[in-house]
Amino acid sequence: MAEQLQQHILDQLSSTSSIQDTRTITIPGDATPATSQDSQLIIQGALNSLLSREMITYTTQESFAYGLTPEGNDIADKGSHEAVVWSVLPLKGHGAALSIKDLKAKVGDETAKIGQGRAFKNGWVGKEGDGLVKLTANIDDVTRNELTEIRETGSVKAGEKVIADLRKRKLVIQKKLLWFTVSKGANYSTSSAKLETDLTAEMLQSGAWKTAQFKKYNFDAEGAPTMGGALHPLLKVREEFRNIFMEMGFAEMPTSQFVESGFWCFDSLFVPQQHPARDLQDTFYVSDPPQSLPPPQEYYGRVKTVHTTGGYGSIGYRAPWSEDDSRKLLLRTHTTASSANLLWRLANRKGGFKPVKMFSIDRVFRNEATDATHLAEFHQVEGVVADYGLTLADLIGFMRTFFNKMGIENLRFKPAYNPYTEPSLEIFAFHPMLNKWVEIGNSGMFRPEMLEPMGLPPDVRVHGWGLSLERPTMIRYGINNIRTLVGHKVSIEGVEKSAAVRF
Amino acid sequence: MPTVAVDKEDLYQRLGKVYTTEEFDHLCFEFGIELDDDTTAEVEEAARNGQPTERPQLKIEIPANRYDLLCIEGIARALRVFLQKDKTPAYRLVFPTGGEANLLTATIAPETAQVRPFFACAILRNVKFTPRSYASFIDLQDKLHQNICRRRQLVAIGTHDLDTLKPPFRYEARAPKNIKFMPLNKTKEYTAEELMTSEKHLAKYLPIIRDSPVYPIIYDSQERVLSMPPIINSEHSKITLDTKNIFVDVTATDETKLNIVVNMVATMFSEYAADQYTIEPVRVVYPSGKSVIYPDISSRHTTARVSYINGCTGLSLKAEEIGTLLQRMSLIAHPSPIDPDNLLVEIPCTRPDIFHECDIMEDAAIGYGFNNLPKTFPATGTVAQPLAVSKLSDLVRREWAMAGWVEVLPLILCSHDENFGWLNRVDDNKTAVKLANPKTAEYQVIRTSLLPGLLKTIRENRKHPLPVKIFEASDVAFKDPALERQARNVRHAGAVWCNKTAGFEVVCGLLDRIMAMLEVPRILASDKKAKHGYYLLENEDPTFFPGRAAKILYRLKGNPPFSSSQMSQSPLTDTQHPTGPAFVTSPTGAEATKPSTFDNLKSTLSSVLPSIGSSLPKDLDIGVIGILHPSVLEKFEINFPCSALEFTLEPFMQEITPVWADES
């Protein structure tokens, strides 16, 4: 039918060159012209199809007509409320008056209530005793007549005032009616042959492409989705960090050691045994296996001494020491446990200490209550630079270059406390969207009480800094709930759709 | 980090200046404390709405080692010195009339050694409190209790109205049933036993001494209880706004913290003594007969090298200049008359956070201003280098993503059931590392397989159109009794396909693809001659559907074919055992500097299989592949068939000599 209609329109254009009003068209198979809105929408479909082939052009016109509401329809069918009331009453003097109660029972509460008043006003009915009677044998139900006229013609001769009144009574509504004016298009022809949609191998072989007519392409339409897989957004940010470290000459540290001992995770870093970070509240301890093997004996002795009685110029913590605490197994709370191990190996390597720049990005664990921004697991990004004669000014200068590579220009540094670094600096960046300074990482120079027991020369100084991988990623992707980024609740579709990362 | 709320108007009055919030924030930032909140706007808002209001407060975050900044008195004092409006106060001990002989005394009974051996006291004379300074005094004790005292576990403080007591005092430890007194804010006497059972608000402190046969208790000469540390003080000696003479008792489990805490309470509130910054000491007699006068508020004298401070900071300051910077940080420093490179530094008792020259160096740097330091860059020239394991897993991740699979990132920790029972695997107690104190059942073990996380991810993505094809290349961990930390991480690669049909061939194709990219040829299981390659060997494995499960075996290059029965003898890799795969791996972490390919594997194998050198070696069992068993799917609430693949990446790592390796 659609093609017949298109052909019908093209044929009509060949004789009249334009169709002023599509309401004059009679759709093939119909008996009367397409005046209804539904018919016009069918015509519009045909016009769009022809338009896409540039066979026609058309402009949309609109006009307004009036139609009935359900209540209006009801009145047109059965008569107005007042006429219904009038019709059930006995003519005065021809029977007993109808009580209000009986009227309600006959015509319903709603009609009785509205109809009574109007019937009185029109002088159709009157009171007799407690009941009502007809005062006139014939009435002219104007409302019903007007509504019937509107239903049939879309308007009423009586004029706008009547319509306004009926609209106020919610019996009539205005309807928008679309119709079209059609003229010939650039490719007008009376033949509506189907157009080609795509160039095919057959066309190339047969040469049909030279004469074929192609359907106009909609360049606003989205292309077909691609089929490939996707890498996880957090790990894309990890790669970006790895690139930054690589650009700056850093070697990656081994961190494949989720399980650490109290010794490597805390003691070796000069974190006192009574430090709150070692509480059950903050750290996951391991029940099986029960404890670590003894740490390297000599080194362990030096660490214990520097904690309990001092040394290397330090007075130490002078607090009780428990070997059990050193040998407790736990899930590392920071990758700095691995860094400490590596610095110790570096101090004791054959050939002696050599300057290094090292980094790691790996999972760490905190036994904290989880919420929208904290999980029990997250990734720590860590950098370590060890060399003779490094300075605090170097550390700050280095941090500026490092964060500039992430596009963060405006930095400032706050003195802070960290048991294994002195000085310790919190790194703040000005966040232009939040319009305030936000903490983006921690840094410092490792304490001599940590480095010297390892056997590092006293003039070797070590910079360390760290930040979480999740926080910059959440900022990058505008994520508020960390569970939508890390863990099994992550949406696979979200992974597929997350944009590439370019700091 | 502790946060201290101070009265804003009082603080600004003490500092002699009304700051804007921005100005004060900047001052805090430079000094190393952090303005967390200024409640002025909140208070004004409440006042506009006709609600009752408090005075505006500043909430200030204090570094965890600066106990001297836990009250408004300490913060104001330190900032005035930092602003060079004052010198560091000189705290003094003042003996009572008649001198040292007339000191009040306290005796420590030997039984206290069983529970809380250290005891110190101090007296503040003729104190005049205001309601706000009184509140601050109470709040400082609370802050100390919550921080250095570790919720009273290590140290506990009691403060008393000295005029209600009669010295000498006795610090004893008695059986709970022999202790009876009226505790603070109570109207009747309780035995220690009753207190331990009836008082809910004390519950958090009870475990500190509950299991001890004797409880610490302090008496005066009239057998009146001062307090039962670390639990509660007595009603009798409680201090009020009108208390004039304050007796401070401190009990501790170590002497260092004992001294720090008694010094903090005494020095901070000596400000309110009629003779400002004076403290009356107390003689404490130990069971050994040794007598000590507390508090010991003497400064610690040390030295700091000008060359060290300049060398560490990147500055070139003169000794006098550094001295001035240190004065701003409440240290007293003068150039040494003998050695021009030395500063003589006096550390007041309020700065127990200073252990080492480096702490003095940091104070000089703060005094100078971290943000004023010269802009330099370390000259350290080094060569970048990735880890072998990272290079390899990145290769796998990229290849699999290019093959159309989606990478997911489940957690490392999981429940015991997820790791074992739900996969139809039995825990032999030799594989998985178990946690002692998880807050929820989600975190009971470190996963030994990537499958639970992959399956949970599929469960949570029911709405994703089929097929679902996800992978992960990440670490699992196994117990390893040979290693210092008794466990090691192993890098696995795993993938799960979920669709209307199980599609074994799909995950098999994924394996074939990555092996092709690693240049490992596919060989037949029956091929005994091939030098190098991988093959599948049908295997009964309860995680998988019967007849649709196989082991993945790997024959290393340049190594004769292995016979295939002995592998299962390994205590680490008993793949016959229903615990499921704990694939052959090389040690990593501390041992990762060793060559990480065949030599390493061989050494691992010979350590667990002493016979390996002499008898026939075998192909490496590197993983599993198969259609997941419907009972596994049911446990993970997955309604569609799945095929899965998991294997260790360790045999495929390419050796990289780390930059920190020994010199040959």
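Only one of A:GLY478, A:GLY444, A:GLY487, A:GLY407 is at pLDDT 95 or above and either among the small types (Gly, Ala, Ser) or in contact with a Cys (Cβ under 9 Å, 6 or more places away or on another chain) (or both). Can you tell me which?
When all the criteria are applied, what remains is A:GLY444.
Has segment A:401-411 got at least one residue that is surrounded by 21 or more Cβ atoms within 10 Å (Cβ to Cβ) and either at the interface with another protein chain (Cβ under 10 Å from one of its Cβ atoms) or among the charged types (D, E, K, R) (or both)?
Looking for residues that are surrounded by 21 or more Cβ atoms within 10 Å (Cβ to Cβ) and either at the interface with another protein chain (Cβ under 10 Å from one of its Cβ atoms) or among the charged types (D, E, K, R) (or both), one finds none in segment A:401-411, hence no.
Taking segment B:394-432 on its own, how many of its residues are more than 10 Å from every other protein chain (Cβ to nearest Cβ), outside any loop (DSSP other than H, G, I, E, B) and closer than 17 Å to B:PHE647 by Cα?
Summing the residues that are more than 10 Å from every other protein chain (Cβ to nearest Cβ), outside any loop (DSSP other than H, G, I, E, B) and closer than 17 Å to B:PHE647 by Cα in segment B:394-432 gives 4.
Given the structure, is A:GLU470 under 24 Å from A:SER360 (Cα atoms), at pLDDT 90 or above, buried (at least 23 other Cβ atoms within 10 Å of the Cβ) and of a type outside the set (S, T, N, Q)?
No, not satisfied.
Give all pairs with beta carbons closer than 6 Å in which a residue from segment B:366-382 that is more than 7 Å from chain A (Cβ to nearest Cβ) meets a residue that is surrounded by 14 or more Cβ atoms within 10 Å (Cβ to Cβ) and outside any helix (DSSP H, G or I); count only pairs at least 6 apart in sequence or on separate chains.
Filtered contacts from segment B:366-382: B:GLY367/B:MET329.
Restrict the check to segment B:300-311 and report whether at least one residue is within 22 Å of B:THR350 (Cβ to Cβ) and part of a helix (DSSP H, G or I).
yes
For B:THR302, indicate whether it is modelled with pLDDT under 95 and within 23 Å of B:GLY32 (Cβ to Cβ).
So B:THR302 fails the test.
Restricting to segment A:1-16, give me the number of residues that are without any contact (Cβ under 8 Å) to a residue 24 or more places away in the chain and closer than 10 Å to A:PRO28 by Cα.
Of the residues in that region, 1 qualify.
Is it fair to say A:ASP140 is exposed (fewer than 13 other Cβ atoms within 10 Å of the Cβ), at pLDDT 85 or above and under 30 Å from A:ILE56 (Cα atoms)?
Criteria not met by A:ASP140.
Out of A:VAL286, A:VAL356, which single residue is within 7 Å of chain B (Cβ to nearest Cβ), farther than 23 Å from A:GLU377 by Cβ, among the hydrophobic types (A, V, I, L, M, F, W, C) and out of contact with any Pro (no Cβ under 8 Å at 6 or more places or on another chain)?
A:VAL356
Can you run down the residue pairs with Cβ atoms below 7 Å, 6 or more apart or on separate chains, where the first is in segment B:310-325 and on the phi > 0 side of the Ramachandran plot and the partner is surrounded by 20 or more Cβ atoms within 10 Å (Cβ to Cβ)?
Every condition considered, the pairs that remain are B:GLY314/A:THR391; B:GLY314/A:LEU392; B:GLY314/A:ALA393; B:GLY314/A:ASP394; B:GLY314/B:LEU373.
Counting just the residues of segment A:412-443 that are among the aliphatic types (A, V, I, L, M) and within 10 Å of chain B (Cβ to nearest Cβ), which one comes out surrounded by the most Cβ atoms within 10 Å (Cβ to Cβ)?
Restricting to residues being among the aliphatic types (A, V, I, L, M) and within 10 Å of chain B (Cβ to nearest Cβ), the top hit is A:LEU425.
Go through segment A:243-262 and count every residue that is in contact with a Phe, Trp or Tyr (Cβ under 8 Å, 6 or more places away or on another chain), outside any loop (DSSP other than H, G, I, E, B) and either within 9 Å of chain B (Cβ to nearest Cβ) or within 18 Å of B:ASN437 (Cβ to Cβ) (or both).
3
Restrict the check to segment A:290-310 and report whether at least one residue is within 10 Å of chain B (Cβ to nearest Cβ), surrounded by 20 or more Cβ atoms within 10 Å (Cβ to Cβ) and farther than 22 Å from B:GLU255 by Cα.
yes
What are the residues in segment A:23-62 that are surrounded by 14 or more Cβ atoms within 10 Å (Cβ to Cβ), under 26 Å from A:ASN218 (Cα atoms) and among the aliphatic types (A, V, I, L, M), if any?
A:ILE42, A:ILE43, A:ALA46, A:LEU47, A:LEU50, A:LEU51, A:MET55, A:ILE56
Filter segment A:214-242 for residues that are within 27 Å of B:ILE470 (Cα to Cα), surrounded by 11 or more Cβ atoms within 10 Å (Cβ to Cβ), more than 10 Å from chain B (Cβ to nearest Cβ) and not charged (D, E, K, R) and give the result.
A:VAL237, A:PHE241
When you check B:PRO56 against the structure, is it within 26 Å of B:PRO131 (Cβ to Cβ), away from chain A (no Cβ under 14 Å), touching a residue at least 12 places away in the same chain (Cβ under 8 Å) and surrounded by fewer than 17 Cβ atoms within 10 Å (Cβ to Cβ), yes or no?
When the stated conditions are applied, B:PRO56 passes them.
Among the candidates A:ALA337, A:ALA372, A:ALA319, single out the residue that is in contact with a Cys (Cβ under 6 Å, 6 or more places away or on another chain) and either assigned to a strand (DSSP E or B) or in contact (Cβ under 8 Å) with a residue 12 or more places away in the chain (or both).
Of the residues listed, the single one that is in contact with a Cys (Cβ under 6 Å, 6 or more places away or on another chain) and either assigned to a strand (DSSP E or B) or in contact (Cβ under 8 Å) with a residue 12 or more places away in the chain (or both) is A:ALA337.
A:GLU449 is checked against (1) touching a residue at least 24 places away in the same chain (Cβ under 8 Å); (2) of a type outside the set (Val, Ile, Thr); (3) touching a His at 6+ places or on another chain (Cβ under 7 Å); (4) surrounded by fewer than 23 Cβ atoms within 10 Å (Cβ to Cβ) and fails just one. What number does that condition carry?
Every condition holds for A:GLU449 apart from (4).
Checking the conditions here, which among B:ILE279, B:ILE297 is outside any strand (DSSP E or B) and touching a strand residue (DSSP E or B) at 6+ places or on another chain (Cβ under 7 Å)?
When all the criteria are applied, what remains is B:ILE297.
The values are calculated or read from the model by the stated rules, or taken from the named source; none is laboratory data. Source: prediction; values computed, not measured. All Cβ positions, even for glycine, are placed from backbone atoms using ideal geometry, and neighbour counts span all protein chains on display.
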